[in-house]
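K.L.:
Quick one: structure below, then a few questions.
The values are calculated or read from the model by the stated rules, or taken from the named source; none is laboratory data. Since this is a predicted model, take the numbers as computed values, not measurements. Every residue, glycine among them, receives a Cβ derived from its backbone with ideal geometry; neighbour counts consider all protein chains shown. Accessible surface is based on the protein model in full, side chains and every heavy atom, while ligands, DNA and RNA are left aside. Shrake-Rupley method; radii C 1.70, N 1.55, O 1.52, S 1.80 Å.
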Amino acid sequence: SENIRVAIDGPSGAGKSTLARSVAARLNFLYVDTGAIYRTIGYAVWRKGIDPRDRSAVVAVLPDLEICLTYGTDGLQHMELNGMDVTAEIRLPEVSRYASLVSAYPEVRAYLLEMQRQLARENSVVMDGRDIGTVVLPDAEVKVFLTASAEERARRRMLELEERGTPEPYAAILRAIQERDWNDTHRDAAPLRQAEDAVLLDTTALDFVQSEDALLHIIRERT
Ligand code: C5P
(Lines give C-alpha, C1' and ligand atoms only; values in the text may rest on other atoms or scores of the structure.)
Protein backbone atom coordinates (compact mmCIF):
# COMPACT_ATOMS: atom_id res chain seq x y z
CA SER A 1 0.00 0.00 0.00
CA GLU A 2 0.99 3.67 -0.24
CA ASN A 3 0.74 4.15 3.49
CA ILE A 4 3.83 5.16 5.39
CA ARG A 5 4.58 3.92 8.89
CA VAL A 6 6.65 5.91 11.33
CA ALA A 7 7.37 3.94 14.52
CA ILE A 8 8.52 5.90 17.55
CA ASP A 9 9.52 3.97 20.64
CA GLY A 10 11.16 4.97 23.88
CA PRO A 11 10.78 5.25 27.63
CA SER A 12 8.02 7.23 29.30
CA GLY A 13 8.49 10.96 29.51
CA ALA A 14 10.91 11.26 26.60
CA GLY A 15 8.48 13.61 24.86
CA LYS A 16 7.34 10.96 22.42
CA SER A 17 3.67 11.82 22.38
CA THR A 18 4.06 15.60 22.05
CA LEU A 19 6.64 15.22 19.30
CA ALA A 20 4.85 12.42 17.49
CA ARG A 21 1.55 14.32 17.54
CA SER A 22 3.13 17.48 16.19
CA VAL A 23 5.08 15.69 13.47
CA ALA A 24 2.01 13.68 12.45
CA ALA A 25 0.01 16.90 12.05
CA ARG A 26 2.73 18.41 9.86
CA LEU A 27 2.91 15.31 7.66
CA ASN A 28 -0.86 14.87 7.64
CA PHE A 29 -0.49 11.35 9.07
CA LEU A 30 -2.65 9.82 11.75
CA TYR A 31 -1.10 10.01 15.20
CA VAL A 32 -1.58 6.85 17.24
CA ASP A 33 -0.69 6.95 20.92
CA THR A 34 -0.52 3.24 21.83
CA GLY A 35 0.28 4.03 25.47
CA ALA A 36 -3.24 5.45 25.72
CA ILE A 37 -4.63 2.07 24.65
CA TYR A 38 -2.64 0.26 27.38
CA ARG A 39 -3.72 2.95 29.82
CA THR A 40 -7.36 2.26 28.94
CA ILE A 41 -6.89 -1.36 29.99
CA GLY A 42 -5.03 -0.22 33.12
CA TYR A 43 -7.91 2.10 33.90
CA ALA A 44 -10.51 -0.64 33.42
CA VAL A 45 -8.58 -2.96 35.76
CA TRP A 46 -8.27 -0.18 38.34
CA ARG A 47 -11.96 0.75 38.15
CA LYS A 48 -13.00 -2.84 38.58
CA GLY A 49 -10.82 -3.16 41.68
CA ILE A 50 -8.75 -5.95 40.16
CA ASP A 51 -5.23 -6.50 41.46
CA PRO A 52 -2.98 -5.67 38.45
CA ARG A 53 -0.52 -8.33 39.65
CA ASP A 54 -3.22 -10.99 39.35
CA ARG A 55 -2.57 -12.06 35.79
CA SER A 56 -5.52 -14.43 35.41
CA ALA A 57 -7.95 -11.86 36.80
CA VAL A 58 -6.65 -9.24 34.37
CA VAL A 59 -6.82 -11.63 31.43
CA ALA A 60 -10.34 -12.73 32.40
CA VAL A 61 -11.62 -9.17 32.15
CA LEU A 62 -10.37 -8.56 28.59
CA PRO A 63 -13.43 -10.00 26.78
CA ASP A 64 -15.63 -7.51 28.68
CA LEU A 65 -13.69 -4.53 27.39
CA GLU A 66 -14.72 -2.68 24.29
CA ILE A 67 -11.89 -0.31 23.54
CA CYS A 68 -12.34 2.29 20.87
CA LEU A 69 -10.04 4.94 19.46
CA THR A 70 -11.75 8.01 18.09
CA TYR A 71 -10.51 11.30 16.73
CA GLY A 72 -12.35 14.42 17.83
CA THR A 73 -12.90 17.49 15.68
CA ASP A 74 -9.87 18.80 17.60
CA GLY A 75 -7.88 16.08 15.82
CA LEU A 76 -6.90 14.62 19.18
CA GLN A 77 -7.02 10.94 19.94
CA HIS A 78 -9.77 10.04 22.38
CA MET A 79 -10.12 6.72 24.15
CA GLU A 80 -13.46 5.11 24.77
CA LEU A 81 -14.06 2.25 27.14
CA ASN A 82 -17.41 0.51 26.74
CA GLY A 83 -18.87 3.66 25.24
CA MET A 84 -17.45 6.07 27.84
CA ASP A 85 -14.85 8.70 27.00
CA VAL A 86 -11.94 8.01 29.38
CA THR A 87 -9.36 10.29 27.71
CA ALA A 88 -8.81 12.35 30.86
CA GLU A 89 -9.08 9.52 33.40
CA ILE A 90 -6.32 7.42 31.82
CA ARG A 91 -3.77 10.15 32.71
CA LEU A 92 -4.16 9.63 36.47
CA PRO A 93 -0.79 8.65 38.05
CA GLU A 94 -2.30 5.49 39.51
CA VAL A 95 -3.43 4.46 36.03
CA SER A 96 0.15 4.87 34.76
CA ARG A 97 1.28 2.26 37.24
CA TYR A 98 -1.58 -0.09 36.37
CA ALA A 99 -0.90 0.33 32.64
CA SER A 100 2.77 -0.49 33.13
CA LEU A 101 1.90 -3.65 35.09
CA VAL A 102 -0.88 -5.01 32.86
CA SER A 103 1.07 -4.29 29.66
CA ALA A 104 3.59 -6.93 30.79
CA TYR A 105 1.05 -9.73 30.17
CA PRO A 106 1.41 -11.37 26.73
CA GLU A 107 -2.38 -11.86 26.60
CA VAL A 108 -2.92 -8.13 26.96
CA ARG A 109 -0.39 -7.38 24.21
CA ALA A 110 -1.87 -10.00 21.88
CA TYR A 111 -5.32 -8.56 22.49
CA LEU A 112 -4.18 -5.13 21.26
CA LEU A 113 -1.85 -6.16 18.45
CA GLU A 114 -4.36 -6.43 15.62
CA MET A 115 -6.02 -3.15 16.57
CA GLN A 116 -2.70 -1.33 16.20
CA ARG A 117 -1.78 -3.06 12.92
CA GLN A 118 -5.16 -2.29 11.41
CA LEU A 119 -4.73 1.42 12.08
CA ALA A 120 -1.42 1.30 10.20
CA ARG A 121 -2.94 -0.62 7.28
CA GLU A 122 -5.67 1.94 6.81
CA ASN A 123 -3.65 5.14 7.35
CA SER A 124 -0.21 6.63 7.14
CA VAL A 125 0.71 6.74 10.80
CA VAL A 126 3.07 8.10 13.34
CA MET A 127 2.69 5.48 16.05
CA ASP A 128 4.28 5.89 19.44
CA GLY A 129 4.84 3.19 22.02
CA ARG A 130 7.40 0.72 23.36
CA ASP A 131 7.41 -2.10 20.83
CA ILE A 132 6.17 -0.50 17.61
CA GLY A 133 9.43 -0.89 15.69
CA THR A 134 10.24 -4.29 17.20
CA VAL A 135 6.86 -6.07 17.29
CA VAL A 136 3.83 -4.15 16.03
CA LEU A 137 5.26 -2.72 12.78
CA PRO A 138 8.58 -4.49 12.18
CA ASP A 139 8.48 -3.38 8.51
CA ALA A 140 7.92 0.30 9.29
CA GLU A 141 9.58 2.65 6.81
CA VAL A 142 10.91 4.80 9.65
CA LYS A 143 11.88 3.69 13.15
CA VAL A 144 13.04 6.08 15.81
CA PHE A 145 14.11 5.32 19.36
CA LEU A 146 13.44 8.50 21.26
CA THR A 147 15.00 8.89 24.66
CA ALA A 148 16.36 11.31 27.26
CA SER A 149 18.02 10.80 30.63
CA ALA A 150 15.70 9.77 33.49
CA GLU A 151 16.61 12.97 35.36
CA GLU A 152 15.71 15.18 32.40
CA ARG A 153 12.45 13.29 31.85
CA ALA A 154 11.58 13.73 35.53
CA ARG A 155 12.36 17.46 35.28
CA ARG A 156 10.07 17.87 32.27
CA ARG A 157 7.32 15.86 33.93
CA MET A 158 7.59 18.02 37.05
CA LEU A 159 7.11 21.20 35.00
CA GLU A 160 4.16 19.63 33.18
CA LEU A 161 2.47 18.68 36.47
CA GLU A 162 3.11 22.16 37.89
CA GLU A 163 1.51 23.76 34.83
CA ARG A 164 -1.47 21.48 35.25
CA GLY A 165 -1.82 22.56 38.87
CA THR A 166 -1.09 19.08 40.19
CA PRO A 167 2.53 19.36 41.36
CA GLU A 168 4.47 16.41 42.73
CA PRO A 169 7.94 16.31 44.29
CA TYR A 170 10.85 15.70 41.93
CA ALA A 171 12.13 12.69 43.88
CA ALA A 172 8.76 10.92 43.66
CA ILE A 173 8.48 11.65 39.94
CA LEU A 174 11.98 10.36 39.27
CA ARG A 175 11.32 7.23 41.29
CA ALA A 176 8.08 6.52 39.39
CA ILE A 177 9.86 7.01 36.06
CA GLN A 178 12.68 4.68 37.07
CA GLU A 179 10.18 2.08 38.24
CA ARG A 180 8.29 2.22 34.96
CA ASP A 181 11.53 2.07 32.97
CA TRP A 182 12.49 -1.03 34.89
CA ASN A 183 9.10 -2.68 34.35
CA ASP A 184 9.10 -1.80 30.64
CA THR A 185 12.64 -3.04 29.92
CA HIS A 186 12.63 -6.17 32.10
CA ARG A 187 9.36 -7.81 31.11
CA ASP A 188 9.48 -10.95 28.97
CA ALA A 189 6.72 -9.85 26.61
CA ALA A 190 7.91 -7.24 24.12
CA PRO A 191 10.35 -5.44 26.43
CA LEU A 192 11.29 -1.88 25.57
CA ARG A 193 14.42 -1.97 23.44
CA GLN A 194 15.78 -0.17 20.42
CA ALA A 195 15.15 -2.02 17.15
CA GLU A 196 18.38 -2.77 15.30
CA ASP A 197 17.30 -0.60 12.38
CA ALA A 198 15.97 2.27 14.52
CA VAL A 199 17.60 5.70 14.62
CA LEU A 200 18.48 6.83 18.14
CA LEU A 201 17.30 10.32 19.01
CA ASP A 202 18.41 11.52 22.45
CA THR A 203 16.60 14.73 23.39
CA THR A 204 18.29 15.30 26.78
CA ALA A 205 20.00 18.46 25.53
CA LEU A 206 17.41 19.45 22.92
CA ASP A 207 14.38 21.71 23.30
CA PHE A 208 11.09 20.96 21.61
CA VAL A 209 11.82 22.74 18.32
CA GLN A 210 15.25 21.13 18.01
CA SER A 211 13.78 17.70 18.77
CA GLU A 212 11.03 18.19 16.21
CA ASP A 213 13.50 19.33 13.54
CA ALA A 214 15.68 16.29 14.23
CA LEU A 215 12.69 13.96 14.02
CA LEU A 216 11.38 15.48 10.78
CA HIS A 217 14.86 15.24 9.31
CA ILE A 218 15.06 11.53 10.14
CA ILE A 219 11.63 10.91 8.59
CA ARG A 220 12.31 12.90 5.40
CA GLU A 221 15.59 11.11 4.87
CA ARG A 222 13.79 7.79 4.80
CA THR A 223 10.56 8.49 2.94
O1 C5P B 1 3.40 5.83 26.81
P2 C5P B 1 2.64 5.76 28.11
O3 C5P B 1 3.47 6.18 29.27
O4 C5P B 1 1.32 6.44 28.05
O5 C5P B 1 2.35 4.20 28.29
C6 C5P B 1 1.77 3.70 29.48
C7 C5P B 1 2.31 2.30 29.75
O8 C5P B 1 1.85 1.42 28.73
C9 C5P B 1 3.83 2.20 29.73
O10 C5P B 1 4.40 2.26 31.01
C11 C5P B 1 4.11 0.87 29.10
O12 C5P B 1 4.29 -0.11 30.11
C13 C5P B 1 2.86 0.50 28.36
N14 C5P B 1 3.02 0.49 26.92
C15 C5P B 1 3.45 -0.66 26.32
N16 C5P B 1 3.53 -0.74 24.97
C17 C5P B 1 3.23 0.30 24.20
C18 C5P B 1 2.82 1.51 24.79
C19 C5P B 1 2.73 1.58 26.16
O20 C5P B 1 3.73 -1.63 27.01
N21 C5P B 1 3.32 0.17 22.87
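K.L.:
Around Tyr71, what is the net charge, scoring Lys/Arg as +1 and Asp/Glu as -1 over all other residues with Cβ under 13 Å from its Cβ?
P.N.:
On the way: positive: Arg21; negative: Asp33, Asp74, Glu80, Asp85, Glu122.
Charge balance near Tyr71 sits at -4.
K.L.:
Using square roots of five times the C-alpha gyration tensor eigenvalues, list the equivalent-ellipsoid semi-axes of the chain in whole Å, biggest first. Don't jump to the answer; show the numbers that get you there.
P.N.:
Numbers: eigenvalues 125, 94, 58 Å².
In descending order the semi-axes read 25, 22, 17 Å.
K.L.:
Taking Cα pairs under 8 Å and at least six residues apart, what relative contact order does the chain come out at, in percent? Can you show the working numbers first?
P.N.:
Values: 360 pairs, mean separation 72.1, N = 223.
Reported relative contact order: 32 percent.
K.L.:
Further question: Could you check how much of the accessible area of the chain is carbon and sulfur, as a whole percent, using a 1.4 Å probe? Don't skip to the end; give the middle numbers.
P.N.:
Details: 5550 of 10920 Å².
For the chain, the apolar C and S fraction of the accessible surface comes to 51 percent.
K.L.:
Also: Can you give me the distance in nm between label points at Leu76 and Thr185, each placed 7 Å from the Cα along the Cα-to-Cβ direction?
P.N.:
Output for this residue pair reads 3.2 nm.
K.L.:
Averaged per residue, what accessible surface does region 66-223 expose to a 1.4 Å probe, in Å²? Spell out each step's value before the answer.
P.N.:
Numbers: 8170 Å² over 158 residues.
I get 52 Å² per residue for this part.
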